[in-house]
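*Asks:* Let me give you the structure first, and then I'll get to my questions.
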Amino acid sequence: MHNFEFEYPYAFVLLLLIICIYKCPQSIKEIIFPHTELFSKKTAFISRDKLLYSLILTLLVTALASPLSYDQKSSNKRKGRDLAFVLDTSGSMAESGFDKEESQKKKFTVLKELLNEFIAKRYDDNVGVAIFGSYAYAAIPLTYDMNSIKFLLDFFDVGIAGDSTAIGEGLASGLRILQKGEAKEKVIILITDGYQNSGSISVKEAVERAKKMGVKIYAIGIGEKNSFDAKLLSLIANNTKGKMFAATDAQMLRDIYKSIDTLEPSKIRSQHYLHKQLLYIYPLAAAGILLAFLLLKYKEELV
């Protein structure tokens, strides 16, 4: 079912200017309207030119009010996923060479850059971030504000949570973030370049918690083939109905993000509307045509 409304209905207050076309003294008109010479020179209160000018002003104000049609209007609560990134900040993430084009960059720096690219396209998701090394903590709670995530990520660096690799604790922190969310679909994207060698929470325990919560885990191992525990990551993903990926360089990680974007598509949102179509162009075009007609008419009269 199609609906229609104006996004900025208060703009119609400007229609009061039409009164000035008929009632205001010439000195006031010259302040408000740039081309009073287009008004009819006739003394009649009602004239064709004044009516035309009033119609143009009405069309311009209508365009400014931004008419739109939509199939459905959503509630203020977005309909996307609760999405938690669990990022490895252990010492090995300081290694360079992961990005073939900018080989001097640290692995973790590249990881943050590609993460920013990915979340910028998550139109309707609620995103949080947990980081882990020797221990783990929820670094960014669930939020729709992708700019704040980008800002906060700049403060994270290798070793901020210790140099070891506590994957189980990382997953547990990600799950704590997701507990605060209300979305039906909950997803963790785990990214690591090492083996579980630290922490008081086992990976098995964390996976059991994820299964009880209905959380799907996408596990991504980055770096050389034997630098991360591919077998463990596969078990994590398979036991939570997710998928395991491996990336030996930045381009592969970018492609993995694209794959996840396909597997977990984000609903397209435009403010609070679904299938929104902006219609301001129609009254704006009509006003332009009428104004062009009025200018040509005035030019002919001068000739």
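*Asks:* Once phi is turned into ³J(HN,Hα) by the Karplus curve 6.51 cos²θ - 1.76 cosθ + 1.60 with θ = phi - 60°, what whole-Hz value does each residue of segment 204-216 show in order, with x for glycine and proline?
*Replies:* Result, ordered by residue: 4, 5, 5, 5, 4, 4, 4, 5, 5, 7, x, 8, 8 Hz.
*Asks:* When only DSSP loop residues count, what GluC sites (Glu not before Pro) in segment 189-258 have their Cβ near at most 15 other Cβ atoms within 10 Å?
*Replies:* Numbers: sites: GLU205, GLU208, GLU224; in loops: GLU224.
Answer by residue number: GLU224.
*Asks:* Among 227-239, 87-99, what's the highest-first ranking by average C-beta atoms within 10 angstrom per residue? Please list the in-between numbers first.
*Replies:* Values: 227-239: 18.0, 87-99: 21.1.
Per-residue mean Cβ counts within 10 Å order the peptides as 87-99, 227-239.
*Asks:* From the square roots a ≥ b ≥ c of the eigenvalues of the alpha-carbon gyration tensor of segment 185-251, which class results: rounded (a/c under 1.5), prolate (a/b over b/c), or oblate? If you can, show how the numbers build up before the last one.
*Replies:* Numbers: a/c = 2.34, a/b = 1.41, b/c = 1.66.
Verdict is oblate for segment 185-251.
*Asks:* So, one more: Measuring from the lowest to the highest alpha carbon on each principal axis, how far does segment 79-130 reach, largest first, in angstroms?
*Replies:* Taking the Cα atoms of segment 79-130, the three principal extents are 40, 23, 9 Å.
*Asks:* In terms of modelled amide H atoms, which long-range or inter-chain residues lie less than 5 Å from the amide H of ALA246?
*Replies:* Excluding prolines and chain starts, which carry no amide H, the hits are GLY221.
*Asks:* Still on this structure, please answer the following. If you wrap a convex hull around the Cα atoms of segment 82-263, how much volume per residue is inside, in Å³?
*Replies:* Numbers: hull volume 17.7 nm³, N = 182.
Normalising the Cα hull of segment 82-263 by residue number yields 97 Å³.
*Asks:* Residues with amide H under 5 Å of ILE188's amide H, sequence separation 5 or more or different chain, H placed in the peptide plane at 1.01 Å from N; which?
*Replies:* Correct list: ALA84, LYS216, ILE217, TYR218.
*Asks:* Also, quick follow-up: When a footprinting reagent is the concern and you count Cβ atoms within 10 Å, what order do THR192, THR240 take, fewest first?
*Replies:* Working: THR192 27, THR240 23.
Ordered by Cβ neighbours within 10 Å, fewest first: THR240, THR192.
*Asks:* A further question follows. Percent antiparallel among DSSP beta bridges with both residues in segment 82-263, to the nearest 5?
*Replies:* For segment 82-263, the DSSP antiparallel bridge percentage is about 20.
*Asks:* Under the 0.36 nm per residue contour assumption, what length would be gained going from the current alpha-carbon distance of ASN197 and GLU7 to full extension? Kindly include the intermediate steps, with their values, before the conclusion.
*Replies:* Working: separation 190, 0.36 × 190 = 68.40 nm, distance 5.52 nm.
Between ASN197 and GLU7, full extension yields 62.9 nm more.
Read the figures in this text as sums done on the coordinates, not as results from a lab. Bear in mind that the values here come from a model prediction, so they are computed numbers and not experimental data. Counting neighbours? That spans all protein chains shown, and the Cβs are built from the backbone with ideal geometry, glycine included.
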